[in-house]
Amino acid sequence: MPAAIAGVIGPQAKVAVVIGKGFVGNVALTAPKKTPSKHAGPPATITKTTEYRADFVHAQQVLHFPILYPTVTQASSSLCPWVPTPAGPGILSCQGTSTSPTRIYGIPAAGKGWNSTYAVFHLSAPSGDAYWGIEETRFTDAPLLQTPNAVRRLDGRKYLFFFNGSHIQTIAFIQNGVAYWVQNTLLDDLTDPEMLAIARSLKPVR
C-alpha cells in the first residue's frame, strides 16, 4: 500500500478500500499453441555428422539399454567431455582428462546401479558461454516429463514439448522403456528449429 494512503487511514484501521482501475494484464506467459511444423527443414546452423557416435559408444558399453547419439551438429556447439572437478558437483569443466565423454550415473528411483547418462554440449552464444545437454535414462517417471505443454508425433515417435514462455526448453520422448530428452541452455540459446532438429536426429549407436 502506498505510504500516502497508509498515512491517511492510520495504523489502527482494520479495513481499507482503495478505488482504482482493475488489472487487465497477463500474470504469466503461456506456451504457444503451435509447435514447429514437421514439414520444416533443419535450419542452416544444423548439419549432418557422425562425429559424436564414438563419444556415446562408451556409455553403451556400460549401460544396458539403447544409447542414442545426435546425428547432426549445431554450428556453435561442441561436446564438453565429462570431467569431474575439485570444485564439486555442478561445476562444469571442458578441459582436462576425461574417462567418459558423457556422465554416467545412477538415479535411485530408476533402479539399482548405473541407469542414466547425460551429455553436455558447450555453446558459444551471444550472451557468453552456455551449455545444453542430452539426457538418457530409465527414469521414465521423471517429474519433468509429467506436464508437457504440447505433444506431437513425428517420425514414429511421440515428442513431448516443454516451453519456457515462447521458447522450447525441453523436447523429450520415451522409447522402449527409456526416456530421452534434449535440454536447452538456461537462456534458451538454441532456437526452436535447432532443438527439434537435434531431438529428431537421435539414433542408436549400433
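Bear in mind these aren't lab numbers, they're just calculated from the coordinates by the rules spelled out. Predicted model, so just to flag it, every value in this text is computed and none were measured. Every residue, glycine among them, receives a Cβ derived from its backbone with ideal geometry; neighbour counts consider all protein chains shown.
Sort 166, 78 by Cβ crowding within 10 Å, fewest neighbours at the top.
166, 78
Round to the nearest 0.05 the FRET efficiency obtained for residue 152 and residue 57 when R0 = 45 Å and r is the Cβ-Cβ distance.
Given R0 = 45 Å and the Cβ-Cβ separation, E is 0.90.
Can you give the three extents of the C-alpha atoms in the stretch 46-204 along their principal axes, from longest to shortest, in whole Å?
Taking the Cα atoms of the stretch 46-204, the three principal extents are 40, 40, 29 Å.
Reachable aspartates and glutamates from residue 112, Cα under 20 Å, same-chain residues fewer than 8 places away excluded?
135, 136, 141
Residue by residue through the stretch 195-201, which ³J(HN,Hα) values in whole Hz follow from phi under the Karplus form 6.51 cos²θ - 1.76 cosθ + 1.60 (θ = phi - 60°), with glycine and proline marked x?
Once θ is set to phi - 60°, the couplings for the stretch 195-201 become 4, 5, 4, 5, 4, 6, 7 Hz.
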